[in-house]
Amino acid sequence: QPRQDGTMKLRYKVLNTVLVIVGVAVIALAAVLSHDSACEPAPAATGKTGTVQAIVYRCYGSPDVLALEDVEKTTPGPNEVLVKVHAASVNPLDWHYMRGSPYVMRLSSGIGAPSVNRLGADFAGSIEAVGEAVTQFKPGDQVFGGRTGAFGEYVVVREKGAMALKPSGASFAQAAAVPIAGLSALQALRDEGKVAPGMKVLINGASGGVGTFAVQIAKAMGAEVTGVCSERNTELVRSLGADHTIDYRKADYTRGDKQYDVIIDNVGNHSPADNRRALVPGGKLVMVGGPSSDWVGPFKNPLQALLLSPFVDEEFILFLAELNQSDMTVMAEMMQSGQVTPVIDQHYSLADVPEAIRYSESGRARGKIIIDVD
């Protein structure tokens, strides 16, 4: 008996030691990830290839860390094109990178300070130069797409990157509104939701960037569309094709008597369990957006979905869009045919990107926020 008691005590000591080590490691990792390094001064541009203006940030923080600076004008490689940017658009992705939040994303974006100091993703412009191996595009082509550094006068894009010819009937501002939000809506409905004619689709956050595209695309797919938004945005959402609207301040769609085949959730203000009540048996919840938080907030719904999924027939899908050339072309065709018209809320100049991002963070934008680079 004494020997057995000694063995148990040893096991408890080992377990406690392991728990202490794990706890210290977690605390240390949290401290490292949440640390914000001081902003470094801008290095002097050599001017060898000329300089252009771009929004730059060298530390994490509020929009105050953003600055319009002169940077080196990049030349395209053999399989790249140089695009003169006429317009760009703001996405929540931009201010997540700007703040380095949630902190876990710093494992890829840079610990302490951003590893890439250019901001912006959505652009539309005209090709100024092409690499020697490029055959798909030529100088003068008007294009739109997704590329880091879109908040600047020029971007360099791979020929096979997420870029397509701009529809002739669309303005540069309209085209710049499309890439991230448009492809998020398209892929969430087509690839994850498997939306087909006659299906009932609910769009939570129907008046935002992704939502305004999702309403139009779902309608083009033949779905019966319900848009959840505020009362002031009801007319807008109906004008985009929504058959029904729900004012989220007056009614909770997860507690109503109507059920849907697919729910596209751009907000994350209801748990997967609550959303399940609004799904038909075997229905799909596609989680596109969620609450913002430095720590566990953004992961609360995905974790609950992971735990709930094995015990229910409904599907809970955590979704991130993939920027690619083929779907950029699909969106160009939908714009050209009139099935999709980007909704634009406000325009800002390149110098006013910090104010544009503040407005985006407020959550009040209807549709997309455009940066006029010219």
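Determine, yes or no, whether Arg276 is closer than 21 Å to Asn91 by Cβ, without any contact (Cβ under 8 Å) to a residue 60 or more places away in the chain and not small (Gly, Ala, Ser). Considered against the rule, which asks whether it is closer than 21 Å to Asn91 by Cβ, without any contact (Cβ under 8 Å) to a residue 60 or more places away in the chain and not small (Gly, Ala, Ser), Arg276 comes out as no. Restricted to region 261-370, the set of helices (runs of 4 or more DSSP H) holding at least 1 residues that are closer than 25 Å to Gly120 by Cβ and touching a strand residue (DSSP E or B) at 6+ places or on another chain (Cβ under 8 Å) comprises 325-337, 353-362.
Listed by first and then second residue, the pairs linking a residue in region 103-125 that is surrounded by 17 or more Cβ atoms within 10 Å (Cβ to Cβ) to a residue that is at pLDDT below 95 and polar (S, T, N, Q), with Cβ atoms under 6 Å apart and 6 or more places separating them unless they lie on different chains, are Tyr103/Ser34; Ala113/Ser37.
I'd like to know if region 166-173 contains one or more residues that are surrounded by 24 or more Cβ atoms within 10 Å (Cβ to Cβ) and in contact (Cβ under 8 Å) with a residue 24 or more places away in the chain. Steps first, please.
Filtering region 166-173 for residues surrounded by 24 or more Cβ atoms within 10 Å (Cβ to Cβ) gives 166.
Right, trim to in contact (Cβ under 8 Å) with a residue 24 or more places away in the chain and you get 166.
Yes, the conditions are met somewhere in region 166-173.
Counting the residues of region 257-273 that are of a type outside the set (A, V, I, L, M, F, W, C) and open to solvent by 40 Å² or more (accessible area, probe 1.4 Å) gives 5. With respect to the conditions (1) in contact (Cβ under 8 Å) with a residue 12 or more places away in the chain; (2) over 20 Å from Phe316 (Cα atoms), Pro281 falls short on a single one, namely (2). In a residue-by-residue description of region 285-293, the property of being hydrophobic (A, V, I, L, M, F, W, C) and surrounded by fewer than 18 Cβ atoms within 10 Å (Cβ to Cβ) applies to no position. Note on region 265-316: residues that are more than 20 Å from the chain's Cα centre (by Cα) and on the phi > 0 side of the Ramachandran plot total 1.
The values are calculated or read from the model by the stated rules, or taken from the named source; none is laboratory data. None of the values given here were measured: they were computed from a predicted structure. Ideal geometry is used to build each Cβ from the backbone, glycine not excepted, and the neighbour counts take in all protein chains shown. What goes into the accessible areas is simple: the full protein's heavy atoms, side chains included, and nothing from ligands, DNA or RNA. Shrake-Rupley method; radii C 1.70, N 1.55, O 1.52, S 1.80 Å.
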